[in-house]
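This report concerns only the one structure given below.
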């Protein structure tokens, strides 16, 4: 199914304020269900007012159909896979065996919400710059970090993005990876000032 422009379904994201455009290949209810998670995040919305996304899209248009999401820094395009199979969510939040934080979503809507936060993590790191990414890599290699998923072990961007998703959705995250939890808080404080 092809995505179509749905700016009226993007709330609390406003087209022209937080993103240049919004497309969805889903029907209205699931689209709004995924977006609902952003309502409780005014600092993130304020950040996106200052650092607008390009095209925000819920579809299957990803470089690899197995991917749960994709962020392209050069254009700010962010795509969340709207057609995930039931084998890609519903897992227990059990680091480090967990494939990704989105796999611990209770249903496809929550899995997509978690993927949205993961991809927004890439936007935040991209905005904060290479020095912050270097600091994340230093922590990751220090032996103090406890990557919460297999995806988090893939590199500094993935580590931060997985930590951001866990920070937003998992109450036990601070206990599972205390250094990652504090890293997210420090980077968000910096991002909210940019």
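FYI, it's all coordinate maths here, none of it is from the lab. These numbers were taken from a predicted model, which means no experiment stands behind them. Glycine gets a Cβ as well: all are built from the backbone with ideal geometry, and neighbour counts include every protein chain shown.
For the stretch 103-157, the square roots a ≥ b ≥ c of the C-alpha gyration tensor eigenvalues yield an a/c of 1.5 or more together with a/b not exceeding b/c, which makes the shape oblate.
For the stretch 1-113, the square roots of the Cα gyration tensor eigenvalues, ordered a ≥ b ≥ c, give a/c of at least 1.5 with a/b greater than b/c, which places it in the prolate category.
By how many degrees, between 0 and 90 and to the nearest 10, does the Cα long axis of helix 108-128 differ from the longest principal axis of the chain? The two axes meet at around 70 degrees. Angle between the Cα long axis of helix 178-193 and the longest principal axis of the chain, 0 to 90 degrees, nearest 10? Around 50 degrees separate the two axes. Comparing mean-square fluctuations of 94, 159, 117 from a GNM of the chain with C-alpha springs under 10 Å, the top value falls on 94. Helix content alone sets the calculated 222 nm mean residue ellipticity of the chain: runs of n ≥ 4 DSSP H residues at -39500 (n - 2.57) each, divided across all residues, give -13500 deg cm²/dmol. Identify which of 141, 114, 55 has the largest mean-square fluctuation in a Gaussian network model of the chain, with springs joining Cα atoms closer than 10 Å. Answer for the Gaussian network model of the chain: 141. With R₀ set to 22 Å, the beta-carbon distance separating residue 186 from residue 17 gives a calculated FRET efficiency near 0.25.
Cα gyration tensor of the chain, axes a ≥ b ≥ c as square roots of the eigenvalues: rounded (a/c below 1.5), prolate (a/b > b/c) or oblate? Oblate. May I ask for the angle, rounded to the nearest 10°, between helix 156-169 and the longest principal axis of the chain, with both axes built from Cα atoms and the value confined to 0 to 90°? With rounding to tens, the tilt is 70 degrees.
The length gained on full extension between residue 94 and residue 141, counted as 0.36 nm times the residue separation minus their Cα-Cα distance, comes to 14.8 nm. Our summary gives the chain a relative contact order of 16 percent, counting only alpha carbon pairs under 8 angstrom and 6 or more residues apart.
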